[in-house]
Amino acid sequence: MAVWELVQGDITRLRVDVIVNAANSSLLGGGGVDGAIHRAAGPQLLAECRRIAEARRGCGGVACPPGEGVITGAGRLPCKKVIHTVGPVWHGGGQGEGELLAACYRSCLRLAEEAGLRSIAFPSISTGVYGYPKAEAAAIALETVRVFIRETPGISRVLFVCYDRENLEIYRNQEG
Ligand code: APR
């Protein structure tokens, strides 16, 4: 059974198999953790994301719909892979935001497991620019991962990476 850890720090510095990026549907970078990951990875990550985006737009879709994930290389990052996922924008909770956020965590875990990646680090998806309330998002993250790893032996380690102390305390309170 996998273990999970709550850590405070910068996700771009973690030596895990895969880190998760809180991206947007274009996959072409942004601010927040998206910006930090691209800065640390170097231009080759954006080049790969651009190739994926152009191929998917060619099929009439966005590069990555909310709730789904796309796996890429990691450029100069210390991890092996990056999974880019697109969280929901918070609109008050009545537009399926909770289910979409849970879908992000499941999609990333499924992609990691299928790729044979055993350790995965998540930022607090959607709780920055996208405005998702931090405590509710933490509860969804912990519960979704708890259920998934009980049923999926392929994942051995999950890290919830909180960029600041406030968020770490929120996760600790939600963990119970
Ligand atoms: N390491 C770990 N966590 C980080 C880091 C980092 N280096 N930088 C920021 N964070 C945290 C933020 O403090 C927040 O808790 O990541 C969480 C997610 O915040 P955002 O990065 O703003 O992501 P999100 O709310 O999902 O919004 C996504 O923002 O950057 C754009 O392109 C991105 O359009 C997309 C949107």
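Inspect all residues belonging to region 87-100 and state whether any of them is at pLDDT 95 or above, touching a Cys at 6+ places or on another chain (Cβ under 8 Å) and of a type in the set (A, V, I, L, M).
No: region 87-100 contains no residue that is at pLDDT 95 or above, touching a Cys at 6+ places or on another chain (Cβ under 8 Å) and of a type in the set (A, V, I, L, M).
Within region 72-90, is there a residue that is open to solvent by 60 Å² or more (accessible area, probe 1.4 Å) and under 13 Å from the mean Cα position of the chain (by Cα)?
Yes, that holds for at least one residue.
Can you name the residue in region 1-17 that is open to solvent by less than 30 Å² (accessible area, probe 1.4 Å) and away from the ligand (no atom under 14 Å from the Cβ) and is also nearest to A63 (Cα to Cα) among such residues?
Selected residue: D17.
Check region 47-55 and report whether any residue there is in a helix (DSSP H, G or I), charged (D, E, K, R), away from the ligand (no atom under 12 Å from the Cβ) and surrounded by 17 or more Cβ atoms within 10 Å (Cβ to Cβ).
Going residue by residue through region 47-55, those that are in a helix (DSSP H, G or I) are 47-55.
Subsequent filtering for residues that are charged (D, E, K, R) retains 48, 50-51, 54.
So of that shortlist, the ones also away from the ligand (no atom under 12 Å from the Cβ) come out as 48, 50-51, 54.
Still in the running and surrounded by 17 or more Cβ atoms within 10 Å (Cβ to Cβ): 48.
The answer is yes, given that some residue of region 47-55 is in a helix (DSSP H, G or I), charged (D, E, K, R), away from the ligand (no atom under 12 Å from the Cβ) and surrounded by 17 or more Cβ atoms within 10 Å (Cβ to Cβ).
One residue is enough: does region 23-32 have a residue meeting the conditions assigned to a strand (DSSP E or B), near the ligand (Cβ under 9 Å from one of its atoms), of a type outside the set (K, R) and closer than 20 Å to S107 by Cα? It would help to see each step written out before you state the result.
First pass over region 23-32, keeping only residues assigned to a strand (DSSP E or B): 23.
If we keep only those that are near the ligand (Cβ under 9 Å from one of its atoms) as well, we get 23.
Restricting the remaining residues to those that are of a type outside the set (K, R) gives 23.
Subset that is closer than 20 Å to S107 by Cα: 23.
Taking every residue of region 23-32 in turn, at least one turns out to be assigned to a strand (DSSP E or B), near the ligand (Cβ under 9 Å from one of its atoms), of a type outside the set (K, R) and closer than 20 Å to S107 by Cα.
Just checking, does region 56-66 include any residue being open to solvent by 50 Å² or more (accessible area, probe 1.4 Å), under 23 Å from E99 (Cα atoms), within 14 Å of the ligand (Cβ to nearest atom) and in contact with a helix residue (DSSP H, G or I) (Cβ under 9 Å, 6 or more places away or on another chain)?
Filtering region 56-66 down to residues open to solvent by 50 Å² or more (accessible area, probe 1.4 Å) leaves 56-60, 62, 66.
Add one more test, that the residue is under 23 Å from E99 (Cα atoms), and what stays is 62, 66.
Retained after the next criterion (residues that are within 14 Å of the ligand (Cβ to nearest atom)): 62, 66.
Narrowing further to those that are in contact with a helix residue (DSSP H, G or I) (Cβ under 9 Å, 6 or more places away or on another chain): 62, 66.
So far as region 56-66 goes, yes, one or more of its residues are open to solvent by 50 Å² or more (accessible area, probe 1.4 Å), under 23 Å from E99 (Cα atoms), within 14 Å of the ligand (Cβ to nearest atom) and in contact with a helix residue (DSSP H, G or I) (Cβ under 9 Å, 6 or more places away or on another chain).
Among A141, A112, which is the only one that is touching a Phe, Trp or Tyr at 6+ places or on another chain (Cβ under 9 Å) and either surrounded by fewer than 15 Cβ atoms within 10 Å (Cβ to Cβ) or not acidic (D, E) (or both)? Before you say what the answer is, go through the steps one by one.
Details: A112 fails: touching a Phe, Trp or Tyr at 6+ places or on another chain (Cβ under 9 Å).
Answer to the check: A141.
The values are calculated or read from the model by the stated rules, or taken from the named source; none is laboratory data. These figures come from a predicted structure and were not determined experimentally. Backbone-built Cβ (ideal geometry, glycine too); neighbour counts: all protein chains shown. The accessibility values were calculated without ligands, DNA or RNA, using every heavy atom of the protein model including side chains. Shrake-Rupley method; radii C 1.70, N 1.55, O 1.52, S 1.80 Å.
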